[in-house]
Amino acid sequence: MDFFELGYPGLFVVCFLSATILPLASEAFLLGMLFLGFDPWWSLILATTGNCFGSTTNYLLGMLGDTKWITRMGASMERIHQFEVKVRKYGHWMALLTWVPVIGDPLMLALGFFRVEWKMVLPLMVFGKLLRYLVIVSPWLF
């Protein structure tokens, strides 16, 4: 399937899916859309929204998590506790890093798993993701 043919809905879907564990490069797709002449403002809004919905899905999936599942996958209780200490130390501020490739998706899962206050997580996540896409889109805006 050629997501470019889908236009803005394709951008939304790619950005949503790239915020999950699927190895998609939303930044490259966004650049492709811009080079094809799509409106930079709409592209910015839809890329940010799709990616934020994907990360919110990760947060909610993290809330469904169970320590028993994680230990069955090979993590020790000691390792889980060490990660919990870090999450508790930095808390919702970690959401600012959810835009970072590779670590952002598991980070949102962890924030949900350890029940970090969503009212603080979501705005910081949106800010970080918006800023990342704004940097990419800015040459077409100004």
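Here, each number is a calculation from the coordinates, and none is a lab measurement. Quick caveat: nothing in here was measured; it's all calculated off a predicted structure. Note: ideal-geometry Cβ built from the backbone for every residue, glycine included; neighbour counts use all protein chains shown.
By how many degrees, between 0 and 90 and to the nearest 10, does the Cα long axis of helix 118-141 differ from the longest principal axis of the chain?
Approximately 30 degrees, to the nearest ten.
Using a 10 angstrom cutoff on alpha carbons, build the Gaussian network for the chain and name the most mobile of E78, E117, E27.
For the chain, modelled as a Gaussian network with Cα springs under 10 Å, the answer is E78.
Give me the net charge for the shell around T98: Cβ to Cβ below 14 angstrom, other residues only, Lys and Arg +1, Asp and Glu -1.
Here the count lands on +1.
Find how much the distance from L61 to L141 grows on full extension, using 0.36 nm per residue of separation minus their present alpha carbon separation; answer in nm with one decimal.
25.3 nm
What number, rounded to the nearest 500 deg cm²/dmol, is the helix-based mean residue ellipticity at 222 nm of the chain, given -39500 (n - 2.57) per DSSP H run of at least four residues and division by all its residues?
-23000 deg cm²/dmol
How would the chain be classified by its alpha-carbon gyration tensor: rounded, prolate or oblate, with rounded meaning a/c under 1.5 and the a/b versus b/c comparison settling the rest?
Because a/c hits 1.5 or more and a/b exceeds b/c, the chain counts as prolate.
May I ask which residue of S138, M120, F83 lies farthest towards the positive end of the charge dipole of the chain, with charges of +1 (Lys, Arg) and -1 (Asp, Glu) on Cβ and the Cα centre as origin?
F83
Say R0 is 35 Å: what FRET efficiency, to the nearest 0.05, do K86 and F35 get from their beta-carbon distance?
0.35
Out of T48, L17, L111, whose Cα points farthest toward the positive end of the dipole of region 3-141 (charges: +1 Lys, Arg; -1 Asp, Glu; placed on Cβ)?
Projecting each Cα onto the dipole axis, the largest value belongs to L111.
Take the alpha carbon gyration tensor of region 97-137, find the square roots of its eigenvalues, order them as a ≥ b ≥ c, and report rounded if a/c is under 1.5; if not, report prolate when a/b exceeds b/c, else oblate.
Oblate, since a/c reaches 1.5 and b/c is not below a/b.
Report the residue, chosen from D39, D105, D66, that carries the largest GNM mean-square fluctuation when the chain is represented by alpha-carbon nodes joined by springs under 10 Å.
D66
Under 10 Å, Cα contacts only: if you run a Gaussian network model on the chain, which one of G32, G91, G62 comes out with the highest mean-square fluctuation?
Sorting by GNM fluctuation, first place goes to G32.
Which whole-Hz ³J(HN,Hα) couplings does region 31-43 yield from phi under the Karplus relation 6.51 cos²θ - 1.76 cosθ + 1.60, θ = phi - 60°, glycine and proline marked x?
Couplings: 4, x, 4, 5, 5, 7, x, 5, 4, x, 5, 5, 5 Hz.
Enumerate by residue number the trypsin sites (Lys or Arg not before Pro) in region 54-142 meeting two conditions: DSSP loop (anything except H, G, I, E, B), and at most 14 other Cβ atoms within 10 Å of the site's Cβ.
R115
What distance in nm separates the simple spin-label points at W93 and K119, each placed 7 Å from Cα in the Cβ direction?
Calculated label separation equals 2.1 nm.
Region 91-115 to region 1-40: how many Å between their Cα centroids?
Between the Cα centres of region 91-115 and region 1-40 lies a distance of 22 Å.
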